[in-house]
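Structure incoming, see below.
The values are calculated or read from the model by the stated rules, or taken from the named source; none is laboratory data. What you see is a predicted model, and the numbers here were worked out from it, not measured in a lab. We place every Cβ from the backbone using ideal geometry, glycine too, and count neighbours over all the protein chains shown.
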């Protein structure tokens, strides 16, 4: 039997021919025709025109044909909902068939057809199948409830299917239990607050019993569900762990990883002095190592997870360094991950071996791998002090190979070694300087410049070296520019006599010729510092730097905790919380590890740690860099992607910096705008020509500075419309409510003025919302503390959350509110500007933006025009930013500015926008793209409101 | 859960496409083709995220299998499922090739419908599947009621891997201990890492629902018995036992029993299956030692001398020995002299391949080669890949020994003695490398 012939027909009259064949009397011919249809469907041809003909073949007792027709139906029912109804009868009939395989097939397929009318008919058969005598039908029906819930959640609740599903957890058949657990877990995920998966010791016991008996897949469902449970005390925790550990010997890696997840989580609750705790730790290592002999793809998943486990509990694998040695034939993704773990496990005990390996890797072929290996050598030096000398000499050997990328990578890490061990290895600087010309990557150039600036007093020709970089200043990347600026200022403070010209040159380049606000601001601050108080400048710029910590790329502890709860899943592969890559409400709940119960001390506590032989708490982790303020304060730390963490005592420095900013501003405002004479006082006069072009950049620069001084880096408040009357006194029995919405510090506020226009005192206020499109709900009770006497007004501000129940409203931003007082309950509806829901982290990565923009179909694009808007594109951009509409990129074509912007709604929907602004033309064009095109209209309204106010 | 499953040929044409979830559109099929199969750079991860959709892929010869999802699925499970899917397809129609997939596409859709429901993997044991999904179409019509319920209870039951009522005239068991020994050795002969990953593969042809018990010279078990029983041979047995680092079992093995008593008991599937996998790192017998000597003579010549020594009982014979000595990319010519076997320079593989058919234990053999190089301007040094080796030996390098395999079937009238049992040990080279 060869079916491949069905793939080959591509003649023109194909559809017509197929139609004839489908209506043929001969059974065999019919079947052949359906196969051809399915083949065409697979390769992506549109065969929906054949719908009625194919459905006609459904009434058959040939099961193979029936399955093919069902397959077709699942694909095309949505496009032909009316026709699909024709199939309902057959489904209903099949659900009564004496053959359990056919009953299951019918209910399974019916759940895959997303047509409302069919869904209605599904309920009765499903109810029967959930109670079917045959376990095969029940296990299929259990999954079908999840399918139905995905189509119409309300229906499932109304029909009471959830309770039936819960009953199935006690089913006698283990596979039915497993599928019921899977379905319930999925449904519970979209109802974060419901108590759907009511896990109590009894149900847990049932699950653990089923765990021993069901298929490998069922075991995974059950273990993943168990991981969500929080045991009541350490004894329960231990007894569950004992029953889960046998799973560590399962042949299926996913079962093993899910078991590891449960154990890692429940272990948190065990007292560290318990014998069992130590036993459990020992039991975890072998299965983790075994995962490394699986197929490469699984190895990759395992390694990403081990990376997390090693960060959380380094003791588990500390003796297993060797298994992470890279094999010559490992795929590159496995190699890179192994390398990461090797560095994490490196310690004084094994450092010699590790270094020998790393040196070997540095001569391999793959560029990324070699770079990482070189970097790893540097990290070993920082981590294990005893090995630093050998690391440095290894790095020098590697520099001698003159392989371009190896040299650059080595210089970047040597810079970190200098930071960690000041005044120890400076003898190598000469060798580094020899390679100055070959550096073409920004990071390496920046590192080299930092080294020259930092050790300017020991390098005779430091000024020449830095000057050579200055020639192409504008072609350098920001990272290099900033570093060069700082390095030259350092050089000037160390050797003021010879380098005055150089420093003036770089300051004017940075402040006058550059559009980059970071660079400009840093330039101004140095200029200001140098001109007012060179001694202070020396103290600030040449301040002693805090030592860098040994671990530089640890995952931030709360994120790590969350990821540990997601072991085995995609989140643990990406090292990102699910909310970062899952759309909508699914899986956005943040999971946490349970606290330790026995000793009452947190796991991180160094006391318990050392008592049980656990290494001390992991060192502080660098928060994400890149914001302007952070950058300014860490004057000397190189900008992004370096390993220098911000000084631990930032607060002190921060105050100083703020003062400094204040003073600087005053004098800038006071006299400098005039001619810059004050600036010249303590310092060589800036070029005379400065005066004229000065005012332009300064205003921009000042705005930046004001932002910093005033809002400490916070965005300006979002636009909030003026208050309108929501409930007139006529309708409110004397209570008048006017209000508006605002977003402050990331919290949506509903601001209301309650006015009592009646004759009696009003008390006992309360508020409630109807379900709405974005799940807005009061985050607390309405706070009206004093009774509202006649003719009195009171201002209330009610914080709102976005985790309430969701129902689509029309218009989308409609909110139905009920307010109660001692007199009556009043209902009104109001509309909130959707910009309230724009969240602060709505700035999309450029690359992601591009990919998403391409990925959203053009049908979802909506275009709008905003008239009479007299703003420049930059002003518009900053105004929009205040309302969390972020500009990602700007492009200018033929005098028309195109701003590419992104917005994220509180429920995770992304809206991408292209704003076109033609200079001198008051009409702006906004083009919106979103996967949920319904929101476009509302978003546009917000655009208009924000830009015009 | 899994939102869709696609199978592509090497050109990126889709052969099978099954969508399980509404959030996966047809464009996902193209997204994978464009971003992974046709990607300009080699893809650097088996998991790819394209516009918030995650793709998992595995490749079998030149066929791509991709699972797609928009949710935070269990990633390990998805890969395990993809491998399982390959196993099931292989069990049904042999090698996974474009031709076989096209020839069996209806069958594949049927299987996909059965083993993945709404993206949740269901029973995927071929033994069970073959009872009701066949290449000749489903048996549906002709089954009796008893047969039907037998099928469903097997598919959902506790012993999903074996059906009732199997009968053989001769009850037979074949047990293979297959080990692959892995080694990474420094040029100086220091063992950098070595481990054995072993598998116990069984072929069982037994009637009824037999209960089996498998025993081996596991150190933990032997020590326990040594403590309880006579202490005189404790030292001796301790020497002969091996320390198993970790082992995993086929789903038929009762894991809780292994955890508590360390005994391996199970009802075996019918036919061939892998009973267990294990890993050892201690006291490994390394069957061969490779001693390399590479000397660079000027910029255009290399002298290589490699000695191999066999390290096992002289009465045993190793087979299929192959030593692979890498040569630089700019090799222009090679002269080889070897004492035993045949050696050839293979320019396309950049290696000298030295093959020896058989070699007894405690022997040694040697090859020497002169490699001439073309002068190049390339500054980069030759990376010197390790010398690798392949072989097969008739013993288990880990030292594992099968102590017993008992069969109990209470309902039928055959006993453990009536079962014919065959045991075989094969040790193969895994990644067996010596740096030079």
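Quick check on my filter: what residues within the stretch A:841-880 are under 17 Å from residue A:927 (Cα atoms), in a helix (DSSP H, G or I) and away from chain B (no Cβ under 14 Å)?
Correct list: A:873, A:876, A:877, A:880.
If you don't mind, there's one more thing I want to ask. Sort through B:372, B:364 and tell me the only one that's closer than 19 Å to residue B:322 by Cβ and touching a strand residue (DSSP E or B) at 6+ places or on another chain (Cβ under 6 Å).
From the options B:372, B:364, the qualifying one is B:364.
For the stretch B:331-436, list the strands (runs of 3 or more DSSP E) that sit wholly inside it and hold at least 1 residues that are under 17 Å from residue B:286 (Cα atoms) and in contact (Cβ under 8 Å) with a residue 24 or more places away in the chain; which are they? I'd like the intermediate steps shown before the answer.
Numbers: elements: B:331-338, B:342-346, B:351-360, B:364-373, B:387-393, B:402-408, B:420-434.
Ranges flagged: B:351-360, B:364-373, B:387-393, B:420-434.
To continue, here is another question. For residue A:416, state whether it is at pLDDT 85 or above and either surrounded by fewer than 18 Cβ atoms within 10 Å (Cβ to Cβ) or outside any helix (DSSP H, G or I) (or both).
In short, no.
Criterion first (touching a residue at least 60 places away in the same chain (Cβ under 8 Å) and either buried (at least 17 other Cβ atoms within 10 Å of the Cβ) or not in a strand (DSSP E or B) (or both)) does residue A:796 satisfy it?
Considered against the rule, which asks whether it is touching a residue at least 60 places away in the same chain (Cβ under 8 Å) and either buried (at least 17 other Cβ atoms within 10 Å of the Cβ) or not in a strand (DSSP E or B) (or both), residue A:796 comes out as no.
Which of the residues belonging to the stretch B:167-193 are in a loop (DSSP other than H, G, I, E, B), touching a strand residue (DSSP E or B) at 6+ places or on another chain (Cβ under 9 Å) and in contact (Cβ under 8 Å) with a residue 40 or more places away in the chain?
Of everything in the stretch B:167-193, those that are in a loop (DSSP other than H, G, I, E, B), touching a strand residue (DSSP E or B) at 6+ places or on another chain (Cβ under 9 Å) and in contact (Cβ under 8 Å) with a residue 40 or more places away in the chain turn out to be B:170, B:171, B:186, B:187, B:189.
Hey, which of the strands (runs of 3 or more DSSP E) in the stretch B:1-109, taking only ones fully inside, have at least 2 residues that are within 9 Å of another protein chain (Cβ to nearest Cβ)?
Result: B:14-19, B:47-50, B:53-60.
I need the full set of residues from the stretch A:229-251 which are under 16 Å from residue B:256 (Cα atoms) and in a loop (DSSP other than H, G, I, E, B), in order please.
A:251
Quick grid of which residues meet (1) surrounded by fewer than 13 Cβ atoms within 10 Å (Cβ to Cβ); (2) out of contact with any helix residue (DSSP H, G or I) (no Cβ under 9 Å at 6 or more places or on another chain):
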residue	(1), (2)
A:755	no, yes
A:761	no, yes
A:766	no, yes
A:773	no, no
A:781	yes, yes
A:792	no, yes
A:804	no, yes
A:808	yes, yes
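Buried (at least 17 other Cβ atoms within 10 Å of the Cβ) and either touching a residue at least 24 places away in the same chain (Cβ under 8 Å) or closer than 30 Å to residue A:571 by Cα (or both), is that true of residue A:500? Give the steps one after another, and end with the answer.
On the way: buried (at least 17 other Cβ atoms within 10 Å of the Cβ): no; either touching a residue at least 24 places away in the same chain (Cβ under 8 Å) or closer than 30 Å to residue A:571 by Cα (or both): yes.
No: the conditions fail for residue A:500.
How many residues does the stretch B:11-27 hold that are in contact (Cβ under 8 Å) with a residue 24 or more places away in the chain and either closer than 16 Å to residue A:112 by Cβ or not assigned by the TED database to the domain that holds residue B:64 (or both)?
Total satisfying the criteria: 5.
Of all residues in the stretch A:898-924, which are crowded, with 16+ Cβ neighbours inside 10 Å and over 30 Å from residue A:191 (Cα atoms)?
A:898, A:899, A:900, A:901, A:913, A:914, A:915, A:916, A:917, A:924
Taking the stretch A:289-330, which residues are assigned to a loop (DSSP other than H, G, I, E, B) and within 27 Å of the chain's Cα centre (by Cα)?
Listed by number, the residues that qualify are A:313, A:314.
Could you check how many residues of the stretch B:114-130 are surrounded by 23 or more Cβ atoms within 10 Å (Cβ to Cβ) and out of contact with any helix residue (DSSP H, G or I) (no Cβ under 8 Å at 6 or more places or on another chain)?
Total meeting the criteria: 2.
Further question on the same structure: In the set A:452, A:480, which member is in contact (Cβ under 8 Å) with a residue 24 or more places away in the chain, within 21 Å of residue A:512 (Cβ to Cβ) and crowded, with 24+ Cβ neighbours inside 10 Å?
Every option except A:480 fails the conditions.
Output the number of the condition that residue A:543 fails; it satisfies all remaining conditions of (1) surrounded by 18 or more Cβ atoms within 10 Å (Cβ to Cβ); (2) at pLDDT 85 or above; (3) outside any helix (DSSP H, G or I).
Every listed condition holds for residue A:543 apart from (1).
With the checklist (1) surrounded by fewer than 22 Cβ atoms within 10 Å (Cβ to Cβ); (2) over 40 Å from the mean Cα position of the chain (by Cα); (3) within 12 Å of another protein chain (Cβ to nearest Cβ) in hand, flag the one item residue A:78 doesn't pass.
(2)
Residues to consider are A:334, A:289, A:365, A:374; find the one that is buried (at least 19 other Cβ atoms within 10 Å of the Cβ), at the interface with chain B (Cβ under 10 Å from one of its Cβ atoms) and within 27 Å of residue A:406 (Cα to Cα). Explain how you work it out, then say what you get.
Working: A:289 fails: within 27 Å of residue A:406 (Cα to Cα); A:365 fails: buried (at least 19 other Cβ atoms within 10 Å of the Cβ); A:374 fails: at the interface with chain B (Cβ under 10 Å from one of its Cβ atoms).
Exactly one residue qualifies, and that residue is A:334.
Being under 30 Å from residue A:31 (Cβ atoms), over 26 Å from the mean Cα position of the chain (by Cα), crowded, with 22+ Cβ neighbours inside 10 Å and outside the structural domain of residue B:405 (by the TED database), is that true of even one residue in the stretch B:138-147?
no
Could you look through the stretch A:204-228, keep only residues that are more than 9 Å from chain B (Cβ to nearest Cβ) and assigned to a loop (DSSP other than H, G, I, E, B), and pick out the one that is nearest to residue A:186 (Cα to Cα)?
A:228
Which condition number does residue A:413 fail, the rest of (1) under 16 Å from residue A:448 (Cα atoms); (2) without any contact (Cβ under 8 Å) to a residue 24 or more places away in the chain being met?
Only one criterion in (1) under 16 Å from residue A:448 (Cα atoms); (2) without any contact (Cβ under 8 Å) to a residue 24 or more places away in the chain is unmet by residue A:413, namely (2).
Quick one: which residue in A:845, A:751 is in the same structural domain as residue A:905 (by the TED database) and surrounded by fewer than 20 Cβ atoms within 10 Å (Cβ to Cβ)? Full working, then the answer.
Values: A:751 fails: in the same structural domain as residue A:905 (by the TED database).
Result of the check over A:845, A:751: A:845.
Anything in the stretch A:163-180 that is surrounded by 20 or more Cβ atoms within 10 Å (Cβ to Cβ) and in a helix (DSSP H, G or I)? List them, or say none.
A:165, A:168, A:174, A:175, A:176, A:177, A:178, A:179, A:180
Does at least one position in the stretch A:92-112 carry a residue that is over 29 Å from residue A:208 (Cβ atoms), more than 11 Å from every other protein chain (Cβ to nearest Cβ) and under 39 Å from the mean Cα position of the chain (by Cα)?
Checked against the condition, which is being over 29 Å from residue A:208 (Cβ atoms), more than 11 Å from every other protein chain (Cβ to nearest Cβ) and under 39 Å from the mean Cα position of the chain (by Cα), the stretch A:92-112 yields at least one hit.
For the stretch B:110-130, give me the residue count where each residue is at the interface with chain A (Cβ under 7 Å from one of its Cβ atoms) and within 25 Å of residue B:10 (Cα to Cα).
2
Give me the helices (runs of 4 or more DSSP H) completely within the stretch A:65-153, filtered to those with at least 3 residues that are in contact with a helix residue (DSSP H, G or I) (Cβ under 6 Å, 6 or more places away or on another chain), ordered by residue number.
Ranges flagged: A:88-94, A:100-110, A:116-130, A:135-151.
Looking at residue A:445, is it assigned to a helix (DSSP H, G or I) and not assigned by the TED database to the domain that holds residue A:479?
no
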